[in-house]
Amino acid sequence: MTQFSANLGFLWTELSLPDAIVAAKRAGFDAVECHWPFDVNPDDVKAALSDTGMSMLGLNTARGDIDKGQNGLASVPGREAEARAHIDEAIDYAMQIGTPNVHVMAGFAQGAEAHEQFLKNLTYALDKVAQLPVSILIEPLNNIDAPDYFLSTTVQAEAIIKTLNSEKLKLMFDIYHVQTMQGNVSRLFTHHRSHIGHVQFAAVPDRGPPGTGENDFNYLFNYIDSQGYAMPLGAEYKPKGTTEDSLGWLNKVG
């Protein structure tokens, strides 16, 4: 039976992170994940996870200067010190709350210098987690929502994973971004299966909940299950109203 993780970067955003964890448990989710929890005391998050029996599956490195529209720094030339400080921060927070995955955000940069910068910062991150129960994730973002984001396709991500050749480096396979950029979600899932560390989903093109758009999510959820992927799938969609009002899909397939 497919399990699901509530991405609290998009769901229950009106609540504090600890309260959102409780709400996700009450709604029937099996786990949670988040974006940038760093302003919340990790002890409070850990307590909410303990009280609910939930696991926090992943979190992101910080974006950088939000007012300037930054979305990560790991590939941005000249920002190495800040990128690595964000990596340290994310790994430390993950360790405090028992989170197994840290998504290192690449940021807006292009070209050979950005590629080399990303490899160097990922190597730094992999060295940091070498003896820890934490893996590093990289995620392609579609170039419609995120023009000039360094990483945009699963092919590009897989090449980086193979170059660095570490069991600790995995692909964040986000169905919303994959469908938008490449289509062929089920075939690409199978192709990249050995490198996938986490799966997320939202409807295309509006990034809403399952049930609308281009993908048959009942088929996709069953297909992913048939491939032996047993970890909770991350619901990273944007509700049009309240989160509770958007959960009809969960009652049907959860």
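None of the figures in this text is laboratory data; all of them are computed from the coordinates on show. Computed from a predicted model, the values in this text were never measured in an experiment. Note that each Cβ is placed from the backbone with ideal geometry, even for glycine, and that neighbours are counted across all protein chains shown.
Remarks
- Cβ-defined net charge surrounding Glu244, 14 Å radius [Lys, Arg +1; Asp, Glu -1]: 0
- Cα lying deepest toward the dipole's positive end in the chain, options Asn101, Tyr219, Asn121, charges on Cβ: Tyr219
- Each of Asn165, Pro147, Val178 was placed along the dipole of segment 142-208 (beta-carbon charges, centred on the mean Cα), and the one lying farthest toward the positive end is Asn165.
- Relative contact order (percent, whole number), segment 1-118, Cα cutoff 8 Å, 6+ residue spacing: 24 percent
- Given charges at beta-carbon only (K, R positive; D, E negative), |dipole| of segment 137-254 in Debye: 260 debye
- Amide proton proximity set for Lys170, modelled H, under 5 Å, gap of 5+: Ile136, Leu137, Ile138
- Segment 43-81 residues near the modelled Leu132 label - backbone nitrogen below 14 Å, point 7 Å along Cα→Cβ: 58-62
- Ranked for footprinting exposure by Cβ neighbours inside 10 Å, fewest first, Arg79, Arg26 give Arg26, Arg79.
- For the chain, a Gaussian network of Cα nodes joined below 10 Å ranks Val40, Val178, Val199 by mean-square fluctuation, and the top entry is Val40.
- Set of segment 62-83 residues, backbone N closer than 16 Å to the point 7 Å along the Cα-Cβ line of Leu119: 75-77
- Segment 101-139 and segment 175-224 have Cα centres lying 23 Å from one another.
- At 0.890 mPa s and 25 °C, Stokes diffusion of the chain via Kirkwood alpha-carbon radius, µm² per second: 134 µm²/s
- Think of segment 4-253 as having a plus end and a minus end, set by charges on the Cβ of Lys, Arg, Asp and Glu; of Ala6, Asn71, Ser16, Ala6 sits farthest toward the positive end of this dipole.
- Top of Ala157, Ala230, Ala203 by mean-square fluctuation, Gaussian network on the chain, Cα under 10 Å: Ala230
- Segment 1-157, dipole about Cα centre (Lys/Arg Cβ +1, Asp/Glu Cβ -1), debye to the nearest 20: 280 debye
- Residues Thr2, Thr123 in ascending order of nearby Cβ atoms (within 10 Å, fewest first): Thr123, Thr2.
- Between Gln156 and Gln3, the modelled label-to-label distance comes to 3.3 nm, taking each label 7 Å out from Cα in the direction of the beta carbon.
- Exposure proxy for Thr163, Thr99: other Cβ atoms within 10 Å of each Cβ, ordered fewest to most, give Thr163, Thr99.
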